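S.K.: I'd like to ask you about the structure that follows.
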Amino acid sequence: MATAPQTNQPRRTLLLTGASRGIGHATVKRFSAAGWRVLTCSRHPFPENCPWEMGPEDHIQVDLADPENTTHAIGEIKQRLTDGELHALVNNAAISPKAEGGKRLSSIETTRDVWQQVFQVNFFAPIMLARGLVDELKAAKGSVVNVTSIAGSRVHPFAGSAYGTSKAALAALTREMAADFGPLGIRVNAIAPGEIDTAILSPGTAETIVPHIPLHRLGTTDEVAKIIYVLCTETSSYVNGAEIHINGGQHV
């Protein structure tokens, strides 16, 4: 891992959900390399093969599908923030249930329980965390980044209806949060990834979708993590309420 750069600034702290793989994993590495303290949240215990310092000590196991467990985790996070400051919250955790054989789960097939579970993780958990940690974000003049999706603005051949509508709702929530949190000095933005090369990418993506992407390739997790980092630093100090598309031009 790269050595943290020397700086006169106090060490900044990131809270990241969905840290155990893909975009989350790349985001941890990007912020850690820049000298940030990273608090991670996921359903799983801390994976021992992850390459950032203080990982086990700064990991919080939480089931974001459980509102009570999420509320409990917020209390634990507050205790970990001994200086009372949180410089960035990245709501990356999400679930995308599939139909049999990994096929798209349509609005007709999705059960009420699945709708509720998906919205609890993908939509309600982000606002619960931001509201629960608003004082810590305000103290640091921090930044919130919600990870939406290209599936939030169009019907996707692989992403299910519950996932797509939850991401559309999260995009709308980002605008509302930007208006409400902005006067507190907290910026709220979103990134909307397209087809990113991760282990959870649906089979057939390369053959079905990549030919229609102007850059003719998948995105990398590091390319997403770099934009998240920019949105959490002074480089984007006047960016608020934006949703940045990271998809190689797939949305045009």
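S.K.: Please turn the phi angles of the stretch 67-76 into ³J(HN,Hα) values with the Karplus equation 6.51 cos²θ - 1.76 cosθ + 1.60 (θ = phi - 60°), one per residue in order, whole Hz, x for glycine and proline.
M.R.: With coefficients 6.51, -1.76 and 1.60, one gets x, 5, 5, 5, 4, 4, 5, 4, x, 5 Hz.
S.K.: Enumerate the amide H contacts of residue 243 below 5 Å, restricted to partners 5 or more residues apart or on another chain; note that Pro and chain-start residues carry no placed amide H.
M.R.: Distant-sequence amide H within range of residue 243: 190.
S.K.: What list of ³J(HN,Hα) couplings, whole Hz, do you get for the stretch 123-134 from phi and the Karplus terms 6.51, -1.76, 1.60, once you set θ to phi - 60° and write x for glycine and proline?
M.R.: 10, 6, 4, x, 6, 4, 5, 5, 5, x, 10, 4
S.K.: Just to be sure I understand: with springs between alpha-carbon atoms less than 10 Å apart, which residue in 185, 241, 164 has the highest mean-square fluctuation in the Gaussian network model of the chain?
M.R.: 185
S.K.: Tabulate in residue order the Karplus-calculated ³J(HN,Hα) for the stretch 102-108, using 6.51 cos²θ - 1.76 cosθ + 1.60 with θ = phi - 60°, rounded to whole Hz; enter x for Gly and Pro.
M.R.: Running phi through 6.51 cos²θ - 1.76 cosθ + 1.60 with θ = phi - 60° gives x, 7, 4, 9, 7, 5, 6 Hz.
S.K.: Report the far tail of the P(r) of the stretch 13-246, meaning the percent of Cα-Cα pairs longer than 25 Å.
M.R.: Everything past 25 Å amounts to 38 percent.
S.K.: In nm, to one decimal, how far is the modelled label at residue 141 from the one at residue 233, with both set 7 Å along Cα→Cβ?
M.R.: Between residue 141 and residue 233, the simple spin-label model gives 1.7 nm.
S.K.: For residue 60, list long-range residues whose amide hydrogen, built 1.01 Å from N in the peptide plane, is under 5 Å from its own amide hydrogen.
M.R.: 40, 41, 42
S.K.: Need one number: nm distance between label points at residue 76 and residue 127, each 7 Å from Cα along Cα→Cβ, rounded to one decimal.
M.R.: So the label points at residue 76 and residue 127 sit 2.5 nm apart.
S.K.: Further question on the same structure: Please rank 239, 188, 121, fewest neighbouring Cβ atoms within 10 Å first, as an exposure proxy.
M.R.: 239, 121, 188
S.K.: Based on DSSP H runs of at least 4 residues, each adding -39500 (n - 2.57), what is the mean residue ellipticity at 222 nm of the chain after dividing by all its residues, to the nearest 500 deg cm²/dmol? Let's see the in-between values first.
M.R.: Details: 8 runs with 85 residues, N = 252.
Mean residue ellipticity at 222 nm (helix-derived): -10000 deg cm²/dmol.
S.K.: Let me ask something else. Dipole of the chain (Lys/Arg Cβ +1, Asp/Glu Cβ -1, origin at the Cα centre): which of 94, 209, 111 lies farthest to the positive side?
M.R.: 209
S.K.: Restricted to Cα positions, what overall size does the stretch 149-219 have along the principal axes? Three whole-Å values, descending.
M.R.: Its Cα atoms span 46, 25, 21 Å along the three principal axes.
S.K.: A further question on this structure: Can you tell me the dipole magnitude for the chain around its Cα centre, using point charges on the Cβ only (Lys, Arg +1; Asp, Glu -1), in Debye to the nearest 20? Intermediate results must be reported in sequence, preceding the final value.
M.R.: Details: 22 positive and 24 negative charges, 86 e Å.
Dipole of the chain, to the nearest 20 debye: 420 debye.
S.K.: Between residue 220 and residue 61, how many nm apart are label points set 7 Å from Cα along the C-beta direction?
M.R.: Going from the residue 220 label point to the residue 61 one covers 3.3 nm.
FYI, it's all coordinate maths here, none of it is from the lab. Since the model is a prediction, treat every value here as computed from it, not as a measurement. Virtual Cβ from ideal backbone geometry, glycine too; neighbours counted across all protein chains shown.
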